Amino acid sequence: KQHDHWLIAFREEMETKYLRRLTIITELKKVLTDNQSELSMVYQPKINLQTNNVCSVEALIRWNSANLGFVPPDEFIGIAEQAGLIERVTAWVLDRTLDDLADFRNQGYVFSMAINLSTRDIQRPEMMQSLAEKITRKGLTPADVELEITESDLVEDTAVAISNLNQYQAMGFHFAIDDFGTGYSSLAYLKMLPVQTIKIDKSFVLKLASDESDQQIVRTVLNLASVFKLSVVAEGVEDELSLNILKEGGCDIAQGYFISRPLSAQALSEWLASTAF
Ligand code: C2E
Ligand code: CA
Ligand code: CA
Ligand code: CA
């Protein structure tokens, strides 16, 4: 009897998840076809800890669905990948972020634009080609954008990842390994990857000020990065104490709510005009 209850509860949960997935796929298809106004981009500044200047902003997608409400990217990006919709999501992201970057350049700002890509994206050379063309059309260069790819994606198929990244690096693109520390990459592998930057995952940074073991992990990553001559970004910096620990430890760049939340292009312009950073 107890077992039956458990089974029913399990089945109901599976059905709920399955239905939610299906709804997201259906709604996302609609959005990509005829209602792109539900999608928007926000930008989160990253500051150079030596100079305190905004050196880059990270582009993050937002989806405010009329039918589903706010759907977090952590939820719908993975579903879009599995449903074969990520190409179109990425194409939309690239168009919008490059437009906004060109606007920021016209306002006199020189920071670069960090864009998140999924593995699917880097497996498609034609997408990178079209990205290069879009960049040129806007009067920008590949060095003006920085492409963030998660560590776990890279580990999945190392050989292919390395050969793709080498090819794109030759086109002038810069890469950062996102979520560093969560994907079990080996040292040998880090040595082979043509990346310029690693981003320490926010799970090691959020409690940095109070957590002794996080401090040790961050110190280890900073040492590792200096051996490989990589620049390090710490994401998820939420308080001043953590920022100071990172600065004193030799971390290059910081990003997080303490500096700024992700902002719309308009709000970022206003923030840039008024900030001490
Ligand atoms: P991510 O690339 O690791 O992005 C960092 C996430 O941490 C963002 O969540 C950001 O809003 C959040 N964050 C930044 N500073 C802080 C902080 O101080 N404290 C806390 N608690 N969180 C902070 P978001 O925007 O919800 O994005 C989640 C994930 O969705 C991203 O993780 C990325 O993997 C994916 N994503 C977002 N936008 C895109 C996109 O345009 N394309 C692709 N392929 N993936 C995207
Ligand atoms: Ca990222
Ligand atoms: Ca991350
Ligand atoms: Ca992530």
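Just so it is clear, none of the values below were taken in a lab; they were calculated from the coordinates. Note that the structure is predicted; figures quoted are calculated from it, not measured. Note that each Cβ is placed from the backbone with ideal geometry, even for glycine, and that neighbours are counted across all protein chains shown.
P(r) tail, the range 133-257: Cα-Cα pairs separated by more than 19 Å, 49% of all pairs. Since only Ile24, Ala83, Phe204 are under comparison, the one whose Cα sits farthest along the positive direction of the charge dipole of the chain, derived from C-beta charges on Lys, Arg, Asp and Glu, is Ala83. Within the chain, antiparallel bridges make up roughly 40 percent of the DSSP beta bridges whose residues both belong there.
Would you please give the FRET efficiency between Asn166 and Asp74, computed as 1/(1 + (r/R0)^6) with r the Cβ-Cβ distance and R0 = 25 Å, to the nearest 0.05?
Numbers: r = 29 Å, r/R0 = 1.18.
Efficiency, from the Cβ-Cβ distance: 0.25.
Its Kirkwood hydrodynamic radius, worked out from the mean inverse distance over all distinct Cα pairs, puts the range 220-267 at 11.6 Å.
Using the Cβ-Cβ distance between Asp211 and Ala91 with R0 set to 51 Å, the FRET efficiency from 1/(1 + (r/R0)^6) comes to roughly 0.80. Three principal axis extents of the range 1-128 based on alpha-carbon atoms, in descending order, are 68, 36, 31 Å. By the rule of a C-alpha distance below 18 Å, with chain neighbours fewer than 8 residues away ignored, the aspartates and glutamates paired with Lys207 are Asp179, Glu235, Glu238, Asp239, Glu240, Glu248.
Placing a pseudo-label 7 Å from each Cα along the Cα-to-Cβ vector at Ala9 and Glu240 gives an inter-label distance of 4.7 nm. Computed from the alpha carbon atoms alone, the convex hull of the chain holds 162 Å³ per residue.
Work out, step by step, the length gained on full extension between Phe277 and Ala188: first 0.36 nm times the residue separation, then minus their alpha carbon distance; give nm to one decimal.
Working: separation 89, 0.36 × 89 = 32.04 nm, distance 3.70 nm.
Once the chain is fully extended between Phe277 and Ala188, it gains 28.3 nm.
Note that the range 2-66 shows a convex hull volume over its alpha carbon atoms of 132 Å³ per residue. Summed over qualifying helices (DSSP H, 4 residues or more, each -39500 (n - 2.57)) and divided by its residue number, the chain shows a 222 nm mean residue ellipticity of -16000 deg cm²/dmol. The calculated FRET efficiency for Arg261 paired with Val110, based on their beta-carbon distance and R0 = 30 Å, is about 0.85. Subtracting the Cα-Cα distance of Arg62 and Ala159 from their residue separation scaled by 0.36 nm leaves 31.7 nm.
Under the simplified labelling scheme, the Asp99-Asp34 pair shows an inter-label distance of 2.0 nm, with each label point 7 Å from Cα along Cα→Cβ.
Distance between the modelled labels on Glu133 and Gln2, one decimal in nanometres: 6.4 nm (7 Å Cα→Cβ projection). The alpha-carbon of Lys191 sits under 24 angstrom from the alpha-carbons of these lysines, leaving out residues fewer than 8 places away in its chain: Lys199, Lys202, Lys229. Ordering Pro125, Gly249, Leu187 by Cα displacement along the dipole of the range 123-257 toward the positive end leaves Pro125 in first place; charges were set at the Cβ atoms of Lys, Arg (+1) and Asp, Glu (-1).
Can you tell me how the range 53-131 classifies by the Cα gyration tensor, rounded, prolate or oblate, using a/c under 1.5 as the rounded cut?
It comes out oblate by the Cα gyration axes.
Computed over the range 134-197, the P(r) curve from all C-alpha pair distances, binned at 10 Å from the origin, holds 21, 52, 21, 6 percent per bin.
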